[in-house]
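Trainee: Here's a structure for you.
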Amino acid sequence: MLDVARLRADFPLLAQRENGHPLVYLDNAATTQKPQAVLDAIAEYYRTTNANVHRGAYDLAIRATEAYEAARAKVAAFVNAWAPEGVVFTRGTTEAINLVAGSYGRASVKAGDSVVVTAMDHHSNLVPWQILCQEKGATLRMVEITEDGRIDLTDFGRALERRPKIVAFPYVSNALGTVNPAAQLTGLAHAVGAVVVVDGAQSTPHLNVDVQALDCDFYALSGHKMLGPMGSGALVAKPDVLEAMPPYHGGGEMISRVWDDHSTYNKIPHKFEAGTPNVEGAVGLAAAIRYLERIGPERIAEHEQALAAAAIERLSQIEGVTVYGPQARSDRAGVVSFTYGDIHPHDIATILDQDGICIRAGHHCTQPLMRRLNVAATARASFYLYNGSDDVDALAGALVKAGALFGYVPA
Ligand code: PLP
């Protein structure tokens with residue numbers, strides 16, 4: 001286990017009390033808290049380096065550009081990207097996937113083609129494909145999940161028989177915690193000629209990600225879910241695939257030459273970064289990555305898996321609690337989704353909040369998945385490196401109290 005007390009001291013917000021109790025922050029799949037190192041990097045950037053990037057002839061602007069491009073190289077190295085120019089900064093996973101759908105998808109998908117997604121995809125990796133397929137007259141094929149919350153490989157194989165143009169799936173499910181066999185799925189999709197889009201919003205903060213080993217074509221990530229600032233993130237892509245794509249947004253910075261009626265475009269990645277970028281976000285994200293690297297992604301993954309396993313064990317002992325997703329510890333990340341009898345998940349979250357415990361309740365932007373689980377919503381506790389077994393104790397204790405408060409009587 002990680003030295004949680006020492007790590008917590010790095011996160012000013014975690015010292016806060018909520019509703020008179022020490023804060024127990026268990027909503028890390030939604031967003032993570034920021035260490036002082038990230039806050040300092042952002043403040044330092046504004047104190048010493050701020051200027052617009054890529055266009056200034058003066059030293060300050062050159063230093064701002066260097067900081068921005070160094071952040072790109074940092075992101076590239078963290079996920080073992082093919083090259084820094086294959087990293088396009090975006091506002092997060094949602095924008096990265098919309099970029100792929102709006103550029104690559106629009107250029108390559110035609111009427112009658114198919115695009116494959118899964119029943120556990122976040123709306124961010126579903127709605128952009130719905131929009132694309134509706135526009136093109138293509139078919140969107142949703143692969144089913146198994147009883148224990150994995151991608152159904154038999155159905156995945158059936159979906160591939162149609163030789164889809166694009167296959168998209170999450171590396172880690174935000175609602176079930178399932179760690180999907182991303183390299184295997186990518187290999188199967190490539191074998192039928194599909195291009196592969198991996199939603200890495202939940203995997204990048206928690207696993208040792210190697211996009212070259214996965215061999216996917218596109219990989220999307222969110223900075224705010226990995227200790228970085230809100231509004232930071234990236235699309236990581238194979239440079240040759242990115243090079244061949246038409247622009248996504250038009251404007252400054254993404255052009256080479258502009259005439260009255262047409263333009264030529266900048267090199268990648270700048271072709272996909274129209275307008276003034278979020279330099280502060282990139283600098284903060286690089287600081288977050290430095291922080292994560294000091295601890296080590298493997299140790300973080302192990303720590304979260306242990307916490308999730310402990311939470312599942314404790315919750316399973318409470319009569320009436322149902323935990324969703326794979327039971328095997330090795331197949332899941334630090335996300336524990338559950339229901340408690342017929343108590344509404346929102347009520348559970350509200351009661352836990354009174355004890356200073358922050359969990360998520362709702363459909364987690366996975367409504368198709370909720371329908372398959374036959375629930376409208378679940379409660380979700382999601383762990384990160386600064387959580388410890390005391391947080392698991394607090395969660396389990398507060399749940400028992402919530403059950404009593406709602407007069408829950410086991411059937
Ligand atoms: N995909 C998954 C699996 C997620 O969990 C999330 C956020 O919860 C997203 C995509 C969207 O990420 P963002 O809101 O940072 O764009």
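Trainee: Relative to a virtual label point 7 Å from the Cα of residue 298 in the Cα→beta-carbon direction, which members of region 176-207 show backbone nitrogen distances below 16 Å?
Mentor: Residues 206-207 fall inside that zone.
Trainee: For residue 16 and residue 319, what does the FRET efficiency come to when R0 = 30 Å and r is the distance between their Cβ atoms, rounded to the nearest 0.05?
Mentor: 0.35
Trainee: Which shape class, rounded, prolate or oblate, goes with region 109-265 when its Cα gyration tensor gives a ≥ b ≥ c as root eigenvalues, a/c under 1.5 marks rounded, and past that a/b bigger than b/c marks prolate?
Mentor: Because a/c hits 1.5 or more and a/b fails to exceed b/c, region 109-265 counts as oblate.
Trainee: If you don't mind, there's one more thing I want to ask. Magnitude of the Cβ-charge dipole of the chain, K/R +1 and D/E -1, about the Cα centre, nearest 20 debye?
Mentor: 520
Trainee: To continue, here is another question. Starting from the Cα-Cα distance between residue 163 and residue 40, subtract it from 0.36 nm times their residue separation and give me the gain in nm to one decimal.
Mentor: Length difference between fully extended and current span is 39.4 nm.
Trainee: While we're here: Any lysines with Cα under 22 Å of the residue 225 Cα? List them, leaving off those in the same chain fewer than 8 positions away.
Mentor: Hits, sequence-local ones excluded: 34, 74.
Trainee: Now, a different point. Among 186, 139, 154, which one moves the most in a GNM of the chain with springs linking Cα atoms closer than 10 Å?
Mentor: 154
Trainee: Still on this structure, I have one more. Suppose the chain between residue 139 and residue 276 were pulled fully straight at 0.36 nm per residue; how much longer would it get relative to their current alpha carbon spacing?
Mentor: 45.7 nm
Trainee: Let's test this: bin the Cα-Cα distances of region 206-310 at 10 Å from zero up to the farthest pair and state each bin's percent.
Mentor: 13, 33, 32, 15, 6, 2, 0
Trainee: A further question on this structure: Which distance in nm do the two modelled labels at residue 372 and residue 31 give, with both placed 7 Å along the Cα-to-Cβ direction?
Mentor: With each label placed 7 Å out from Cα toward Cβ, I get 2.9 nm.
Trainee: Right, another one. Would you mind telling me which residue in 201, 57, 286 has the biggest mean-square fluctuation in a Gaussian network model of the chain, where springs connect alpha carbons within a distance under 10 angstrom?
Mentor: Highest fluctuation among the options: 57.
Trainee: Using +1 on the beta carbon of Lys and Arg, -1 on that of Asp and Glu, and nothing else charged, what's the dipole of region 57-101 about the Cα centre, debye to 20?
Mentor: The dipole magnitude comes to about 120 debye.
Trainee: In whole Å, how far is the Cα centre of region 218-264 from that of region 336-391?
Mentor: 34
Trainee: Evaluate E = 1/(1 + (r/R0)^6) for residue 58 and residue 212, where r is the Cβ-Cβ distance and R0 equals 30 Å; express this FRET efficiency to the nearest 0.05.
Mentor: Once the sixth-power term is evaluated, E becomes 0.20.
Trainee: Still on this structure, I have one more. Mind checking which aspartates and glutamates have their Cα closer than 13 Å to the Cα of residue 110? Skip sequence neighbours fewer than 8 apart in that chain.
Mentor: 135
Trainee: If each of residue 261 and residue 153 carries a label point 7 Å out from its Cα toward its Cβ, how far apart are those two points in nm?
Mentor: Reported label-point gap for residue 261 and residue 153 is 5.6 nm.
Trainee: Also: Given 10 Å bins starting at zero, what is the percent of C-alpha pairs of the chain in each, up to the one with the largest pair distance?
Mentor: All Cα pairs, binned at 10 Å, distribute as 5, 22, 30, 25, 14, 4, 1, 0 percent.
Trainee: Right, here's the next one. Kindly provide log₁₀ I(q)/I(0) values, in the same order as q = 0.17 Å⁻¹, from the Debye equation applied to equal alpha-carbon scatterers of region 27-82.
Mentor: -0.71
Trainee: Something else: About its Cα centre, how strong a charge dipole does region 294-411 have in debye, to the nearest 20, once Lys and Arg get +1 and Asp and Glu get -1 at the Cβ?
Mentor: Dipole magnitude for region 294-411 comes out near 380 debye.
We did not get these values from a lab; they are worked out from the coordinates using the rules stated. This is a predicted model, so every value here is computed, not measured. FYI the Cβ positions are ideal-geometry reconstructions off the backbone, even for glycines, and counts take in every protein chain you see.
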